[in-house]
1. Output yes when any residue across the range 89-98 is more than 19 Å from residue 40 (Cβ to Cβ), in a loop (DSSP other than H, G, I, E, B) and over 13 Å from the mean Cα position of the chain (by Cα), and no when none is.
2. Taking residue 72 as the residue in question, decide whether it is part of a helix (DSSP H, G or I), in contact (Cβ under 8 Å) with a residue 24 or more places away in the chain and surrounded by 14 or more Cβ atoms within 10 Å (Cβ to Cβ).
3. In this structure, does residue 120 turn out to be outside any loop (DSSP other than H, G, I, E, B), of a type in the set (Val, Ile, Thr) and surrounded by 15 or more Cβ atoms within 10 Å (Cβ to Cβ)?
4. Any idea which residue in the range 28-67 is surrounded by the most Cβ atoms within 10 Å (Cβ to Cβ), counting only those that are of a type in the set (Lys, Arg) and in contact (Cβ under 8 Å) with a residue 24 or more places away in the chain?
5. If residue 76 satisfies all but one of (1) over 21 Å from residue 32 (Cα atoms); (2) at pLDDT 90 or above, what's the number of the condition it fails?
6. Pairs, please: C-beta under 6 Å, at least 6 apart or cross-chain, first residue over 15 Å from residue 66 (Cα atoms) and in the range 103-122, second part of a strand (DSSP E or B) and hydroxyl-bearing (Ser, Thr, Tyr)?
Amino acid sequence: MSGRYTRQFDPATRDTRFDARASSWFAGSPAVELVTATLCTDKGSAQRDPSWGIDLARAQNAGRNAKAEYRAAAEAALARYVTSGALRDLVIDVDTGTLDTGDAAMVVRVRCRGRSGEPVDTSISYPVTR
């Protein structure tokens with residue numbers, strides 16, 4: 001395992017996670033944080049790089065083809081990191097689920113390995129708009 005760490009973020013809220021027992025931030029994998037930060041950012045909303053993030057425009061209007069469109073949107077958003085070698089062995093699964101509020105959601109699960117071989121297995125839930 002590499003010695004590279006970052007603060008761990010909650011994939012739903014992007015808030016940092018604090019470990020009260022250790023009086024410190026929970027340590028996270030840079031690859032996990034790269035995936036969650038990218039998939040939790042709407043494409044075009046990051047001023048530092050408008051091409052960064054996920055574009056869900058087609059996926060949200062896809063109807064029966066929604067799972068394939070969400071998978072394609074996630075693959076496109078993470079493609080730059082696969083090309084650069086920051087992520088490898090990328091597998092994206094999409095299924096239906098529910099949010100904590102009980103509303104319908106599409107759940108995008110990403111499994112891969114980071115640059116140093118550390119495993120990534122995280123899920124992001126997107127509300128389904130009608």
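The values are calculated or read from the model by the stated rules, or taken from the named source; none is laboratory data. The shown structure was predicted, so the numbers you read here are calculated from the model rather than taken from an experiment. Reconstructed Cβ throughout: ideal geometry from the backbone, glycine too, with neighbour counts over all protein chains shown.
1. no
2. Here the answer is no, as residue 72 does not meet what is asked.
3. yes
4. 43
5. Of everything listed in (1) over 21 Å from residue 32 (Cα atoms); (2) at pLDDT 90 or above, residue 76 misses just condition (1).
6. From residues that are over 15 Å from residue 66 (Cα atoms), the pairs are 110/122.
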